[in-house]
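Remarks on the structure that follows.
The values are calculated or read from the model by the stated rules, or taken from the named source; none is laboratory data. None of the values given here were measured: they were computed from a predicted structure. Counting neighbours? That spans all protein chains shown, and the Cβs are built from the backbone with ideal geometry, glycine included. What goes into the accessible areas is simple: the full protein's heavy atoms, side chains included, and nothing from ligands, DNA or RNA. Shrake-Rupley method; radii C 1.70, N 1.55, O 1.52, S 1.80 Å.
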Amino acid sequence: MKNTILISIALFAASLVACGGDKAPQEEAAAESAEAVAVAATGGNPTAEQASKEITGDYMRGIVVEISDDRYEGRGPGSAGDEMARTYLAQRMEELGLEPAAEDGSWEQPFDLVGVNAAQPDSWTFDGHGKSMTLTQWDQFIVGSGVQEPRAAFDEAELVFVGYGIQAPEYDWDDYKGVDLTGKVLVMMNNDPDWDPELFAGETRLWYGRWDYKYLSAARQGAAGAIIIHTSPSAGYPFQVVQTSWTGVQFELPAGDEPRSQISAWVTEDTARELIAMAGLDLDALREAAYNRDFKPVPLGITTSIGMDVDIKRVQSANILGLIRGSDPELKDEVVVYTAHHDHLGIGTPNDDGDVIYNGAMDNATGVAQVMAIAKAIKALPEAPRRSILVNLVGAEEQGLLGSEYYAANPTFAPGKIAANLNYDGGNIWGHTHDVTFVGLGKSTVDEIVTMIADEQGRVVKPDQFSDRGYFYRSDQFSFAKIGVPAMYLDTGTDFVDRPPEWGREQQNHYTEVNYHQPTDEYDPSWTFDGMVDDALLGFWTGLAIANSDDMPTWNPGDEFEAARIEALKALEQ
Ligand SMILES: [Zn+2]
């Protein structure tokens, strides 16, 4: 960060004052929030520049090397390695002088997890139209239990192709059309409609395009099970990620009274094509029909049965909470929350080299390291920011954002008092960039702050550069957004300094294809932390600006999470 931020922000504020009273309402709003940034950066805190120097590559590297070591066994929730990581991170927080911020004065906000391990059958048979087809587990299908019970099973349930399996009244879209699907097995396409910017935000993947929505949607219909047809473009990752993520113990929060199907399955695209051909139909033609609002479910005349023993065990993990108490008597009950998940996949299926430890070095030791470095810099300020800062290293993210979901259901600050959530999931290991990815850009007034600060860094802010992969809904900021908190996720840019234009995307695609959720996501001494320093600095200044502003950020009008925020703010008045 250059010192010019103080000058340019002061000038910007002055020019706003100069243009006075005849502003359009929209300009007025922009002016207020720009002023907020000005107050933030200049509000008696010129030593912040000095404090920001605490964010160093060495500090971050130390944390990454430690918790991605084999001794931590990949930090699977509830494992010895998970506990070791939690203890280590709490110690580092204590060392920084944070306050333990869980309810009982502890560093840990514990939560129960139900570990569900289905004995997936080696094969799975489908019958119909006088034919029979048997699929092979791993290569053709992956199946998980939908229930937290010792057995997941159904007999001779009929397959029905349901297109996307989406019900979205706001887009006038309902793939079920009132058809009774009780006891059926729903075969679904992944993703959401992506060809029209006015429909499901075009290529941007919404919650409707995620597997968790789809299985829930099937359960709401009373379906016996759901089978998602995998394609790499529609999932955002190759089938090997399904194979490694959906085998072994799957953790969930304890079941409530929500509807559940017996099984949740995936098949490869080729397998789906063969199955559907058995019904005398063509997958491409069915998909074509499903691209239309008028689509109706198509019974396939194929039945199947399945029965799996399910091993259930209960374990505990925890979110690690450390607080920097705000300095303003009126605003200190409000908070800016930084999150990064500390867990990864633990010990799992060996890769070709026989490695069974899923170290999760990039995912997400690097995110943890960035958030810890930000906390270190904030602690180095001579006076704490006006609002409080909560460092929340959440657990069990890889199992479906469970730690952050638990926190959102049991927050230590009322949701309406949480000013914003800044999440880190993954870090830039390749060097300085001309850009930074802002997952959540276009959704809230945080945009202006981040854009202004990135500009001071000489960088441009870009929206999610892989928006079809739905990253906004794939990490912990989503749990905060759902309870109304303006939330965002800062991620690696793609335009690297002194590299050809396509180089960055190539590196990231290579990581996704080869190392993402694999035992090879290991620390490599060749990693450079320069880019992570830049990204952590951006998060530091952004959090500081938000924590020092008069007003909290707001969602842009009409955003999908605005209603939840209004509710959260209303709840404060009661
Ligand atoms: Zn992650």
For residue 235, indicate whether it is crowded, with 21+ Cβ neighbours inside 10 Å, within 22 Å of the chain's Cα centre (by Cα) and more than 23 Å from residue 157 (Cα to Cα).
yes
Say we look at region 403-429 and pick out the residues that are hydrophobic (A, V, I, L, M, F, W, C) and touching a strand residue (DSSP E or B) at 6+ places or on another chain (Cβ under 6 Å); which of these is farthest from residue 573 (Cα to Cα)?
422
For the list (1) within 29 Å of residue 142 (Cβ to Cβ); (2) in contact with a Lys or Arg (Cβ under 6 Å, 6 or more places away or on another chain); (3) open to solvent by 10 Å² or more (accessible area, probe 1.4 Å), I need the number of the one condition that residue 334 fails.
(1)
Show me the strands (runs of 3 or more DSSP E) found entirely inside region 384-486 where at least 3 residues are open to solvent by less than 30 Å² (accessible area, probe 1.4 Å), within 27 Å of residue 211 (Cα to Cα) and at pLDDT 95 or above.
388-394, 418-423
Could we say that residue 265 is in contact with a Gly (Cβ under 7 Å, 6 or more places away or on another chain) and under 24 Å from residue 129 (Cα atoms) here?
yes
Here the residues within region 133-147 that are open to solvent by 30 Å² or more (accessible area, probe 1.4 Å) and either touching a residue at least 24 places away in the same chain (Cβ under 8 Å) or of a type in the set (Val, Ile, Thr) (or both) are 134, 136, 138, 139, 140
Could you name every one of the strands (runs of 3 or more DSSP E) located completely within region 253-369 that has at least 2 residues being more than 16 Å from the ligand (Cβ to nearest atom), in contact (Cβ under 8 Å) with a residue 60 or more places away in the chain and in contact with a helix residue (DSSP H, G or I) (Cβ under 6 Å, 6 or more places away or on another chain)?
263-268, 298-324
Name the residue, out of 427, 431, that is away from the ligand (no atom under 15 Å from the Cβ) and farther than 30 Å from residue 255 by Cα.
431
Of the residues in region 487-506 that are open to solvent by less than 30 Å² (accessible area, probe 1.4 Å) and over 17 Å from residue 425 (Cα atoms), the one that is modelled with the highest pLDDT is 496
For region 392-399, does any single residue satisfy the condition of being in contact with a helix residue (DSSP H, G or I) (Cβ under 7 Å, 6 or more places away or on another chain), within 15 Å of the ligand (Cβ to nearest atom) and farther than 23 Å from residue 112 by Cα?
no
How many residues does region 164-193 hold that are among the acidic types (Asp, Glu), over 23 Å from residue 233 (Cβ atoms) and at pLDDT 95 or above?
2
What helices (runs of 4 or more DSSP H) completely inside region 1-91 contain at least 1 residues that are modelled with pLDDT of 50 or more and open to solvent by less than 50 Å² (accessible area, probe 1.4 Å)?
25-42, 48-52, 57-67
